[in-house]
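Visitor: Let me give you the structure first, and then I'll get to my questions.
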């Protein structure tokens, strides 16, 4: 495995058959062979599919399929709401989990699977995620790529305001002295972001269809360092993945962190089916059947995977990641499952519907 990974850091002399994306060019500049990444991802996907093609796994999936169709038939009259996965389409081939642009160091960990379990990474990917500084009061400089549409600016400002009102993260316009900053980019065919602080200019790509507060806030949370919920180490306690219904070559997007990555993977936060960072039930599906089934004990959440906005736990995750309340001199005792507000130490932040 390690020999294959080391090969990623050798410059390729081959020429790709299709034009390189800006992200692929950046990877090549860092010494990564993009073709080898695609090849290794395909190999990992094949191994995952083989591992979960056994009779026991298939019997469980057949049971879930029957349960799904009898409990709630698909409503063909509903208009689908497009997510970043829908918008990205074929662009997901060189993105991690559909909308994340990894650094070379992060790609190395993402591709290094557990030899005894192809569904599990050997090391928690969160171990290679760098945070914005200072902890407890991080500041993220931002800019816009030249020509960014004026009529799309308010969506960005509203998304920034959303996070500033709920966490200790603050944004400010970037200056020439800033080496690390995010740049909102409209010249793209995708909705995507780096995960965490890259240490240099990093794009929040917002191509056609990506200019909504839901998607921008989603990509910003990746830029803060958050990964998707279904890649948590405890994922299999809550959902079942139907690998037979996943598009060939994309199975690797359903890998999870190892159990010893629990602290970094979950931050002690409950598994949330309706999180803005959870895959929808049909992610990477071949047919209109789900690729993700909630386990029977959680069947009431089957039709609410990936909520349309950041939830209480999405926000709490960011506050825990950045230790937002550690700076608070006073400790509040909050009712109704509330917690001390990451943005204002003198307030409680409560689940929606409570105060």
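The values are calculated or read from the model by the stated rules, or taken from the named source; none is laboratory data. Keep in mind that what you see is a predicted model, and the values were worked out from it rather than measured. Note that we place each Cβ from the backbone using ideal geometry, even for glycine, and neighbour counts take in every protein chain shown.
Visitor: Test each condition in (1) under 21 Å from residue 59 (Cα atoms); (2) without any contact (Cβ under 8 Å) to a residue 24 or more places away in the chain for residue 281 and report the one that comes out false.
Guide: (2)
Visitor: Does any residue in the stretch 91-108 that is without any contact (Cβ under 8 Å) to a residue 24 or more places away in the chain come within less than 7 Å, Cβ to Cβ, of a residue that is surrounded by fewer than 24 Cβ atoms within 10 Å (Cβ to Cβ) and assigned to a helix (DSSP H, G or I) six or more places away or on a different chain, and which pairs are these?
Guide: So the pair list comes out as 105/128.
Visitor: Also, quick follow-up: Against the definition (touching a strand residue (DSSP E or B) at 6+ places or on another chain (Cβ under 7 Å) and within 30 Å of residue 233 (Cβ to Cβ)), how does residue 130 come out, yes or no? Let's see the steps before the verdict.
Guide: Values: touching a strand residue (DSSP E or B) at 6+ places or on another chain (Cβ under 7 Å): no; within 30 Å of residue 233 (Cβ to Cβ): yes.
When the stated conditions are applied, residue 130 does not pass them.
Visitor: From the list 279, 238, pick out the single residue that is over 30 Å from residue 186 (Cβ atoms) and at pLDDT 95 or above.
Guide: 238
Visitor: Right, here's the next one. Check residue 267 against each of (1) in contact with a strand residue (DSSP E or B) (Cβ under 9 Å, 6 or more places away or on another chain); (2) farther than 25 Å from residue 290 by Cβ and name the one condition it does not meet.
Guide: Among (1) in contact with a strand residue (DSSP E or B) (Cβ under 9 Å, 6 or more places away or on another chain); (2) farther than 25 Å from residue 290 by Cβ, the lone unmet condition for residue 267 is (1).
Visitor: For the stretch 246-259, check the following and say yes or no: at least one residue is under 21 Å from residue 140 (Cβ atoms) and either buried (at least 22 other Cβ atoms within 10 Å of the Cβ) or at pLDDT 95 or above (or both).
Guide: no
Visitor: From the list 298, 313, 293, which one is in contact with a strand residue (DSSP E or B) (Cβ under 6 Å, 6 or more places away or on another chain) and surrounded by 14 or more Cβ atoms within 10 Å (Cβ to Cβ)?
Guide: 293
Visitor: Would you point out which residue out of 248, 233 is under 20 Å from residue 320 (Cβ atoms) and touching a residue at least 12 places away in the same chain (Cβ under 8 Å)?
Guide: Details: 248 fails: under 20 Å from residue 320 (Cβ atoms).
Answer to the check: 233.
Visitor: I'd like the full set of residues that are in contact (Cβ under 8 Å) with a residue 60 or more places away in the chain, in contact with a strand residue (DSSP E or B) (Cβ under 9 Å, 6 or more places away or on another chain) and surrounded by fewer than 18 Cβ atoms within 10 Å (Cβ to Cβ), limited to the stretch 176-206.
Guide: Within the stretch 176-206, 189 is the sole residue that qualifies.
Visitor: Quick check, is residue 172 at pLDDT 95 or above and either surrounded by fewer than 21 Cβ atoms within 10 Å (Cβ to Cβ) or out of contact with any helix residue (DSSP H, G or I) (no Cβ under 9 Å at 6 or more places or on another chain) (or both)?
Guide: So residue 172 passes the test.
Visitor: If the requirement is being within 24 Å of residue 216 (Cα to Cα), assigned by TED's automatic domain parsing to the domain that holds residue 223, part of a loop (DSSP other than H, G, I, E, B) and in contact with a helix residue (DSSP H, G or I) (Cβ under 9 Å, 6 or more places away or on another chain), which of these qualifies: 290, 280, 351?
Guide: 280
Visitor: Looking only at the stretch 118-159, how many residues end up being over 26 Å from residue 177 (Cα atoms) and without any contact (Cβ under 8 Å) to a residue 40 or more places away in the chain?
Guide: Matching residues across the stretch 118-159 total 1.
Visitor: Continuing with this model, one more query. Going by what's in this entry, would residue 114 be described as surrounded by fewer than 20 Cβ atoms within 10 Å (Cβ to Cβ), touching a residue at least 12 places away in the same chain (Cβ under 8 Å) and in contact with a strand residue (DSSP E or B) (Cβ under 6 Å, 6 or more places away or on another chain)?
Guide: On the way: surrounded by fewer than 20 Cβ atoms within 10 Å (Cβ to Cβ): yes; touching a residue at least 12 places away in the same chain (Cβ under 8 Å): yes; in contact with a strand residue (DSSP E or B) (Cβ under 6 Å, 6 or more places away or on another chain): yes.
Criteria met by residue 114.
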